[in-house]
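Note sheet for the following structure.
The values are calculated or read from the model by the stated rules, or taken from the named source; none is laboratory data. Given the structure is predicted, the values throughout are model-derived calculations rather than measurements. No Cβ is skipped: glycine too gets one built from the backbone with ideal geometry, and neighbour counts run over all protein chains shown.
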Amino acid sequence: MKRSIILNVNGAARTAEVEPRALLAYVLRDQLDLTGTHIGCDTSQCGACTVLLDGRAVKSCTVLAVQAEGRKITTIEGLAPDGGRGGRGGLHPLQQAFWEKHGLQCGFCTPGMIMTAVDLLSSKPNPTDAEIRHAIEGNLCRCTGYQNIVAAIQAAAAAGR
Ligand code: FES
Ligand code: FES
């Protein structure tokens with residue numbers, strides 16, 4: 001049986017009608033139209049669905065939507081000041097760095113990579129390459145070979161210093 005929940009997403013209260021078993025990843029995409037959160041596996045393998053819950057990166061396919069009630073959810077759409085629409089707010093520094101350092105090819109993994117990197121840089125503003133690689137080990141990329149992703153995260157870290 002569905003129940004109505006209120007989710008705090010990207011600073012706004014959003015209502016969703018969910019079954020208790022509904023996964024946060026699907027509710028974000030299918031009910032709240034936040035399709036920047038990707039689903040690559042559904043089994044906690046790929047990290048494409050990573051969002052921030054109270055500032056910490058989590059795979060939203062491992063979280064029930066009802067568990068996220070009362071928590072602060074941030075998706076890739078909530079990172080840029082203007083929601084990434086290219087207005088005066090511009091891009092988040094990590095989005096800018098991924099663009100400049102060619103940290104993506106097909107882009108499927110990119111939202112999850114960036115959300116994981118946001119969490120990393122919030123606790124470790126000066127990470128080593130090894131620390132970056134450790135942080136993103138739960139995020140799979142089939143295109144880039146990871147080198148440019150590491151370079152992009154390093155560039156964002158430098159920009160924040
Ligand atoms: Fe969540 Fe792959 S869709 S880890
Ligand atoms: Fe294609 Fe990472 S850029 S999966």
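Table for the structure above
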| read-out | value |
| --- | --- |
| Which listed residue, of L104, L120, L91, is in contact with a helix residue (DSSP H, G or I) (Cβ under 8 Å, 6 or more places away or on another chain), at pLDDT below 95 and more than 16 Å from ligand 1 (Cβ to nearest atom) | L91 |
| Residue within region 11-34 that is closer than 15 Å to L140 by Cα, small (G, A, S) and more than 16 Å from ligand 2 (Cβ to nearest atom) present | no |
| Some residue of region 68-82 being more than 12 Å from the chain's Cα centre (by Cα) and either within 16 Å of ligand 1 (Cβ to nearest atom) or assigned to a helix (DSSP H, G or I) (or both) | yes |
| Matching residues, region 52-63, being within 13 Å of the chain's Cα centre (by Cα) and away from ligand 2 (no atom under 16 Å from the Cβ) | L52, L53, D54, G55, R56, A57, V58, S60, C61 |
| Boolean, N139 is surrounded by 23 or more Cβ atoms within 10 Å (Cβ to Cβ), polar (S, T, N, Q) and in contact (Cβ under 8 Å) with a residue 40 or more places away in the chain | yes |
| Restricting region 35-51 to residues that are more than 15 Å from ligand 2 (Cβ to nearest atom) and surrounded by fewer than 23 Cβ atoms within 10 Å (Cβ to Cβ), the residue that is nearest to the chain's Cα centre (by Cα) | T35 |
| Contacts under 7 angstrom Cβ, first residue in region 94-108 being closer than 18 Å to A48 by Cα, partner hydroxyl-bearing (S, T, Y), 6 or more apart | F98/T110; G103/T144; L104/T110; L104/T144; Q105/T144 |
| Any hit, region 29-42, residues being part of a loop (DSSP other than H, G, I, E, B), over 14 Å from T116 (Cα atoms) and modelled with pLDDT under 95 | yes |
| Residues being in contact (Cβ under 8 Å) with a residue 40 or more places away in the chain and buried (at least 18 other Cβ atoms within 10 Å of the Cβ) - total across region 121-134 | 0 |
| Any hit, region 64-72, residues being touching a Phe, Trp or Tyr at 6+ places or on another chain (Cβ under 9 Å) and away from ligand 2 (no atom under 15 Å from the Cβ) | yes |
| Filter result for L52 (more than 10 Å from ligand 1 (Cβ to nearest atom), touching a helix residue (DSSP H, G or I) at 6+ places or on another chain (Cβ under 7 Å), within 20 Å of I136 (Cβ to Cβ) and outside any loop (DSSP other than H, G, I, E, B)) | yes |
